[in-house]
Amino acid sequence: MRMSKKTEADEKAVIAEVIRNSIMWALTKDVDMQKDTMAHDEDLLIIWTGSTHITRGWKEHEKSFEGWLDPRFAAVRTEVRDLEIHISRSGDVAWFFANLDDVVSWEGKASRFGEGLRWTGVLEKRDGRWVFVQMHASLPVDKVRDIVMEDVKPSA
């Protein structure tokens, strides 16, 4: 049985907040905010833009906090756009798509590779709370080409 439109809208608002918190936490390095958005078991799967950026399970993900909390790392700008959320008929699984700018810097040098990401994920409702069980981000090949070409342009 499908949930009512009002209930579905309320659930999507909660899910949207979890989605945003899962990435926005880095702006203030609020680790507890990020931890509240994730499944704390082996179901968690995070696939980010780099070929080696695959995290399997909460224990592995938790190790990544050390890098994010390093004072040389800073989240510069985060923006979630065009967020589309879908909820399963059973009401305990949701998936989403969004465009994401997740611009970070290392030692004061910002990376453009976090602009224009395509971001997807799956959340599960556990004990009344929505948590991520899977997320994936990719950079469209044309954006990669544009960034690389801009970096290799000769200086005038």
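The values are calculated or read from the model by the stated rules, or taken from the named source; none is laboratory data. Not measured: the values here are computed from a predicted model. Using ideal geometry, Cβ is built from the backbone for each residue, glycine included, and neighbour counts are taken over all protein chains shown.
Scan segment 1-42 for residues that are among the hydroxyl-bearing types (Ser, Thr, Tyr), at pLDDT below 95 and not in a helix (DSSP H, G or I) and jot them down.
Within segment 1-42, just SER4 meets the criteria.
For GLU11, only one of the following conditions fails: (1) free of Cβ contacts under 8 Å to residues at least 60 places away in the same chain; (2) of a type in the set (D, E, K, R); (3) over 18 Å from ALA75 (Cα atoms). What is its number?
The one condition GLU11 does not meet is (1).
Within the set of pairs 6+ apart or on separate chains, which have a first residue in segment 41-55 that is touching a residue at least 60 places away in the same chain (Cβ under 8 Å), a second that is charged (D, E, K, R) and part of a strand (DSSP E or B), and C-beta atoms under 7 Å apart?
Note: pairs meeting the criteria are LEU45/ARG56.
Only one residue in ASP127, ASP82 is at pLDDT 90 or above, within 18 Å of the chain's Cα centre (by Cα) and surrounded by fewer than 11 Cβ atoms within 10 Å (Cβ to Cβ), so which one is that?
Exactly one of ASP127, ASP82 is at pLDDT 90 or above, within 18 Å of the chain's Cα centre (by Cα) and surrounded by fewer than 11 Cβ atoms within 10 Å (Cβ to Cβ), namely ASP82.
Is it the case that VAL104 is in contact (Cβ under 8 Å) with a residue 60 or more places away in the chain, within 18 Å of LYS29 (Cβ to Cβ) and in contact with a Phe, Trp or Tyr (Cβ under 8 Å, 6 or more places away or on another chain)?
Criteria met by VAL104.
Scan segment 100-115 and give yes if some residue there is assigned to a strand (DSSP E or B), of a type outside the set (S, T, N, Q), in contact with a Ser or Thr (Cβ under 9 Å, 6 or more places away or on another chain) and within 16 Å of THR37 (Cβ to Cβ), otherwise no.
Within segment 100-115, one or more residues are assigned to a strand (DSSP E or B), of a type outside the set (S, T, N, Q), in contact with a Ser or Thr (Cβ under 9 Å, 6 or more places away or on another chain) and within 16 Å of THR37 (Cβ to Cβ).
Pick from segment 49-79 the residues that are over 18 Å from ILE23 (Cβ atoms) and not acidic (Asp, Glu): which of them is surrounded by the most Cβ atoms within 10 Å (Cβ to Cβ)?
This residue is GLY57.
Can you name the number of the only condition in (1) hydrophobic (A, V, I, L, M, F, W, C); (2) within 30 Å of LYS5 (Cα to Cα); (3) under 12 Å from the mean Cα position of the chain (by Cα) that ILE47 fails?
Checking ILE47 against (1) hydrophobic (A, V, I, L, M, F, W, C); (2) within 30 Å of LYS5 (Cα to Cα); (3) under 12 Å from the mean Cα position of the chain (by Cα), the one that fails is (2).
Could you tell me whether segment 139-148 includes any residue that is at pLDDT 90 or above, surrounded by 15 or more Cβ atoms within 10 Å (Cβ to Cβ) and out of contact with any Leu (no Cβ under 6 Å at 6 or more places or on another chain)?
No, that holds for no residue.
Tell me which of these ILE15 doesn't satisfy, since it passes every other one: (1) touching a Ser or Thr at 6+ places or on another chain (Cβ under 6 Å); (2) closer than 14 Å to TRP130 by Cβ; (3) among the aliphatic types (A, V, I, L, M).
(1)
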